[in-house]
Every structure is written in structure tokens, then in C-alpha cells.
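What follows draws every value from the coordinates through simple rules; no lab data is involved. Quantities reported herein were computed from a predicted structural model and do not represent experimental measurements. So basically every Cβ, Gly included, is an ideal-geometry build from the backbone, and we count neighbours across all protein chains shown.
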Amino acid sequence: MSFAAHSGDVDESLRLKTLRLFRGLGECSPDNLTVVVGGYWGLMKDVVDVSLSLGLKVLILPPLELEHVNFPEGALVVKTGTSFRVRSVFMVRTSDVLVVLGGGAGCLQELVTAYTEGKPTYVLVKTGLPTDVTEGLPEYLDHRKLAPLKKFDDESELLKDLCEHLRNLKPQQAPSIHG
């Protein structure tokens, strides 16, 4: 499962929502869940740290420009040698679901990539970040209806819907880094 998150500082309320979401995710997720992110800074750092503390597997796909960052022990880091945008495509394609926790243009690109790849997307809105524009988007971005775009302003409601989705995945579809 991929997580798109702001690469800079976020306000404490969003950080706390993210931590609550992950604590709940640790309780509902299948044993083979892998958390996939595109870096280890900003809100992504919180995602990685809480995931590792919960015993979840973590895969980090940093862009070439930031492959030199000190990554945490316990996370699998794949240095793809690609740009921010290409790395985002790899990140989305490795998973069955994308969760957007709030961010900017990179998170919006990941959301569109998930849609075109047929991956359901769960978006936390009312974050105060540019991804809040998704609140005005329809459930399906075009006539093809490739994958739903689900929006939540409450992390517990997002978690409830996401956990239900994870429980309904067929065994061969269980979230993994192999998507």
C-alpha cells in the first residue's frame, strides 16, 4: 500500500491524524502489508517511523536527488536512480491502493497515476494542503471509471473504509510490494 504525503512540515493536527490512522491500520492490516513511500522527510518521515514502530514492512523509493538521505534501519530502500516524477510512478505501481495524506503537486500526480493504473485511492481532505482540491473531484476522474477516488475528512472513517477494502482483497491480491 502506497502513501503519498507532504514532503515538508505539516501542522500538528495532520501529523496526529496520520499517527492515529497508522495505529488503526496496524490492527486491521494483513500480515503481508508493506508500506511504500517516496522518501524519508516531511510527513513521509512520520509515516515511516510509525510504520516501523508497529512492525510493518516499509519500502522507500527515494528520487535520485535525495538518495543520499540517512534512512532508518529496518526500512528497505531501493535507489532507482530516477527523478521525483518517475519515482512516483514506481511507488504507485508497486501497490494495490494509494492513500493520500495531504501534500502538493507530487501527491496530486500520484493520485492521477493511481487512477490511470486502476488503483483505488483514499484521500484525507481538509488538511490545509493543495491536495484538498480533490474534495471537488468526482469519484471517477473520467468516463473509464478505472478506480474510485474516495475522500474523507475524518481519518477514522478513512481507516474503516480502507480496512474493509483490505479485508475484501482476494488472497492473490493481498497488498504487497509486488502489487
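Every cysteine in the chain with no other Cys Cβ under 4.7 Å from its Cβ, please list them in numeric order.
So far as the 4.7 Å Cβ criterion goes, 107 stand without a partner in the chain.
What is the total of Lys pairs in region 75-179 with C-alpha atoms under 26 Å apart, excluding same-chain pairs fewer than 8 positions apart?
Close lysine pairs found across region 75-179: 17.
Residue 85 versus residue 27, label points 7 Å from Cα toward the beta carbon: distance in nm?
About 4.2 nm, to one decimal.
Take residue 154 and residue 77, extend 7 Å from each Cα along the Cα→Cβ direction, and tell me the distance between the two endpoints in nm.
For the pair residue 154/residue 77, the computed spacing is 3.9 nm.
Take the chain, connect every pair of alpha-carbon atoms lying under 10 Å apart with a spring to form a Gaussian network, then pick out the residue of 143, 68, 165 with the largest mean-square fluctuation.
143
So what's the Cα pair-distance distribution over region 90-153, bin width 5 Å, in %?
Calculated over all Cα pairs of region 90-153, the distribution is 4, 21, 33, 26, 13, 3 percent.
Within the chain, which is the longest segment that contains none of the trypsin sites (Lys or Arg not before Pro) sitting in a DSSP loop with at most 15 other Cβ atoms within 10 Å?
Answer from the scan: 1-78.
What is region 1-77 by shape, rounded, prolate or oblate, if you read a ≥ b ≥ c off the alpha carbon gyration tensor as root eigenvalues and call it rounded for a/c under 1.5, prolate for a/b larger than b/c, and oblate otherwise?
In terms of gyration-tensor shape, oblate.
Taking 0.36 nm per intervening residue step and subtracting the Cα-Cα distance, what contour gain separates residue 11 from residue 68 on full extension?
So the extension gain works out to 17.9 nm.
Suppose every Lys and Arg Cβ carries +1 and every Asp and Glu Cβ carries -1, with no other charges. What dipole size does the chain come out with about its Cα centre, to the nearest 20 debye?
Details: 19 positive and 23 negative charges, 100 e Å.
Once rounded to the nearest 20, the dipole reads 480 debye.
Out of 121, 26, 84, whose Cα points farthest toward the positive end of the dipole of region 2-166 (charges: +1 Lys, Arg; -1 Asp, Glu; placed on Cβ)?
84
Per residue and in Å³, how big is the convex hull formed by the alpha-carbon atoms of region 2-166?
Numbers: hull volume 16.5 nm³, N = 165.
It comes to 100 Å³ per residue, whole-number rounded.
How big is the gap, in Å, between the Cα center of region 8-64 and the Cα center of region 89-156?
If we compute the Cα centre of each part, the gap is 16 Å.
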